[in-house]
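Asks: Got a structure for you, questions after.
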Amino acid sequence: MHPPSPAAAAAAMDFSQNSLFGYMEDLQELTIIERPVRRSLKTPEEIERLTVDEDLSDIERAVYLLSAGQDIQGTSVIANLPFLMRQNPAETLRRVLPKVRVHEDAHLFTQRVWISMFVLRV
């Protein structure tokens, strides 16, 4: 099946003045909903809650995020456990791991961490 020729397409479209004014009236009947436009995805309060002191060590930051951070921040800490274990295994086991145990996503990520650290090395 071939597309219609340009002449046939133009003939099928109704560009008469009456037709165009009908479309304009229909458009004018539509209401425009005004709502404020947010310049960023996070409010200043949300940004403040998500901000962590840059001077904290990786272990201190992990403990803070698991204790007082958002769920997604705790999930990030858990996903980075292999890095923390390679960097400072004693402090990770002593300070971070107890906090991981109470995090709701801990069981999923901890399994991957231990597999990646111990099973794959053997």
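Asks: Residues in the stretch 43-70 that are within 22 Å of Phe83 (Cα to Cα) and outside any helix (DSSP H, G or I): how many?
Replies: 9
Asks: Filter the stretch 61-94 for residues that are open to solvent by less than 80 Å² (accessible area, probe 1.4 Å), over 24 Å from Glu45 (Cβ atoms) and among the charged types (D, E, K, R) and give the result.
Replies: If the condition is that a residue be open to solvent by less than 80 Å² (accessible area, probe 1.4 Å), over 24 Å from Glu45 (Cβ atoms) and among the charged types (D, E, K, R), then Glu91 is the only one that fits.
The values are calculated or read from the model by the stated rules, or taken from the named source; none is laboratory data. A quick note: this is a predicted structure, and the numbers were derived from the prediction, not measured. A quick note on method: Cβ atoms are made from the backbone with ideal geometry, for glycine too, and the neighbour counts reach across all protein chains shown. The accessibility values were calculated without ligands, DNA or RNA, using every heavy atom of the protein model including side chains. Shrake-Rupley method; radii C 1.70, N 1.55, O 1.52, S 1.80 Å.
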